[in-house]
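Undergrad: Handing you this structure, nothing more for now.
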Amino acid sequence: MTPKNIIDASTLTLFCNTNEAVLTLPVRGFILEFPGLGGGSCMGGNLDFSEYRYGYAEEMGREGILVAYAFSGPWSWMNPAAVRYCELLAEAIREKYHLSEDTPWVVTGGSMGGLGALIFSADAQRKPSACVAVCPCVDTLSCCELRPDFYRTVVSSVAGVGESIEAAMKAVSPAYRLDDMPYIPYFLVNDCADDIIPASQMDAYVEKMRALGHEVDYDRLEGCHHGEITPEAWAHILAFFKKHLHII
């Protein structure tokens, strides 16, 4: 293994879990799912080396869609290192499955992973076709005030960025990156009984995105706590995936 191919087609499964075991070939598109804080995901992924052959990953696999759960770090908060990691991962997927430049791909995640999907969309050189974010943290400063134990994770992630800690925290906060968001379709899910991310904060973010002309589908899940996804919301998410991965 040499530095030029540490993340490539041959080493892909060292850097993510995939649904290849249930994948119908040829691959028609792919989904990158980013981890939540601690490494797990309300969408189904985890950081243990394993096959991702359950939940929505199984259904997508039957449609010829690769799902990859990125091992980009349980405290990464989509800092610049995580963005680079996931860009390399996307290139390795294209290489392994011989995907063309116009192959559709969607980024997704919940909580920190939802923040990751939004920040990656803003910072990646090659933009995804669409973005799905479930109960995303849109303001790390606000989240840390509500949950002081989050400070250690965010600061450890961004301390090396080379500016003030507050500015670095804002750089990984979608609420402060509105002008950098690409004009791609978005699907956002708000758990309205969330004790970490206030529902009003998500409402305000969506309103600002739409005011800037962004296409934003939005599900508000009344009574749901952080990380909960109702069957109806899952149906909407799957329909969104299929639409923007050109299945329907």
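Undergrad: Could you pull the accessible area for Arg210 with a 1.4 Å probe, rounded to 10 Å²?
TA: The value for Arg210 is about 120 Å².
Undergrad: Step through the residues of segment 171-188 one at a time and calculate ³J(HN,Hα) from phi using the Karplus curve (6.51 cos²θ - 1.76 cosθ + 1.60, θ = phi - 60°), rounding each to whole Hz and writing x for Gly and Pro.
TA: Each residue's phi maps through the Karplus curve to give 5, 10, 10, x, 4, 9, 10, 4, 6, 9, 6, x, 8, 10, x, 10, 10, 10 Hz.
Undergrad: With θ taken as phi - 60° and the coefficients 6.51, -1.76 and 1.60, list the Karplus ³J(HN,Hα) couplings across segment 16-31 in order, rounded to whole Hz; mark glycine and proline as x.
TA: Values, residue by residue: 6, 9, 10, 9, 4, 4, 10, 7, 8, 8, x, 6, 9, x, 8, 10 Hz.
Undergrad: What FRET efficiency, computed as 1/(1 + (r/R0)^6) with R0 = 30 Å and r the Cβ-Cβ distance, is obtained for Ile247 and Tyr176, rounded to the nearest 0.05?
TA: Numbers: r = 34 Å, r/R0 = 1.14.
With R0 = 30 Å, the Cβ-Cβ based efficiency is 0.30.
Undergrad: Now for a different question. Can you pull the Kirkwood radius for segment 1-79, inverse mean 1/r over Cα pairs, to one decimal in Å?
TA: Details: mean 1/r = 0.0772 Å⁻¹.
That comes to 13.0 Å for segment 1-79.
Undergrad: Report, ordered by chain and residue number, the aspartates and glutamates lying within cross-link reach of Lys170, taken as a straight Cα distance under 12 Å and ignoring same-chain residues fewer than 8 apart.
TA: By straight Cα distance, Lys170 reaches Asp139.
Undergrad: For segment 137-200, which whole-number percentage of the solvent-accessible area (1.4 Å probe, protein heavy atoms only) is attributable to carbon and sulfur atoms?
TA: On the way: 1390 of 2690 Å².
In segment 137-200, the share of accessible area belonging to carbon and sulfur is 52 percent.
Undergrad: So how far, in whole Å, is the C-alpha centre of segment 80-106 from the one of segment 123-199?
TA: With segment 80-106 and segment 123-199 each reduced to a Cα centre, they are spaced 22 Å.
Undergrad: What is the Cα radius of gyration of the chain over 2.2 N^0.38 Å, N being its residue count?
TA: Working: Rg = 16.8 Å, N = 248, 2.2 N^0.38 = 17.9 Å.
Relative to the 2.2 N^0.38 Å estimate, the chain comes out at 0.94.
Undergrad: On to the next question. Please build a GNM for the chain, connecting alpha carbons under 10 Å apart, and tell me which residue among Gly114, Gly55, Gly213 fluctuates the most.
TA: So, out of Gly114, Gly55, Gly213, the one fluctuating most is Gly213.
Undergrad: Report ³J(HN,Hα) in whole Hz for each residue of segment 193-199, in order, from the Karplus equation J = 6.51 cos²θ - 1.76 cosθ + 1.60 where θ = phi - 60°; Gly and Pro get x.
TA: After applying 6.51 cos²θ - 1.76 cosθ + 1.60, I find 9, 5, 9, 10, 10, x, 4 Hz.
Undergrad: Pull out a ≥ b ≥ c, the square roots of the eigenvalues of the alpha-carbon gyration tensor of segment 58-183, then state rounded if a/c is under 1.5, prolate if not and a/b is larger than b/c, and oblate in the remaining case.
TA: prolate
Undergrad: Does segment 113-231 come out rounded, prolate or oblate, given a ≥ b ≥ c as the square roots of the eigenvalues of its C-alpha gyration tensor, rounded meaning a/c under 1.5 and, failing that, prolate meaning a/b above b/c? Before the final figure, lay out each step's value.
TA: Working: a/c = 1.88, a/b = 1.13, b/c = 1.67.
The shape class here is oblate.
Undergrad: Using the structure shown, list the pairs from Lys96/Lys208; Lys127/Lys242; Lys96/Lys242 with a Cα-Cα distance above 28 Å, or answer none.
TA: Working: Lys96/Lys208 39 Å; Lys127/Lys242 18 Å; Lys96/Lys242 22 Å.
Check vs 28 Å cut-off fails for Lys96/Lys208.
Undergrad: Over segment 1-102, what is the percentage of antiparallel beta bridges among all DSSP beta bridges, to the nearest 5?
TA: Working: 3 of 8 bridges.
Of those bridges, close to 40 percent are antiparallel.
Undergrad: Expected output is a single nm value to one decimal: the length gained when fully extending between Gln125 and Leu146, i.e. 0.36 nm times separation in residues minus the C-alpha distance. What is it? If you can, show how the numbers build up before the last one.
TA: On the way: separation 21, 0.36 × 21 = 7.56 nm, distance 3.27 nm.
Difference between extended and current length: 4.3 nm.
Undergrad: Is segment 25-131 rounded, prolate or oblate when judged by the Cα gyration tensor, a ≥ b ≥ c being the square roots of its eigenvalues, rounded requiring a/c under 1.5 and prolate requiring a/b larger than b/c? Show your work: numbers first, answer last.
TA: Values: a/c = 1.75, a/b = 1.17, b/c = 1.50.
It is oblate, given that a/c is not under 1.5 and a/b is not larger than b/c.
Undergrad: Starting from the 7 Å offset along Cα-to-Cβ, what nm value, one decimal, do you get for the label separation of Thr230 and Tyr54?
TA: Once both label points are built, they end up 2.5 nm from each other.
The values are calculated or read from the model by the stated rules, or taken from the named source; none is laboratory data. All figures in this text were calculated on a predicted structure; none of them were measured in a lab. Reconstructed Cβ throughout: ideal geometry from the backbone, glycine too, with neighbour counts over all protein chains shown. When the accessible area is computed, the model is the full protein with side chains, heavy atoms only, and any ligands, DNA or RNA have been set aside. Shrake-Rupley method; radii C 1.70, N 1.55, O 1.52, S 1.80 Å.
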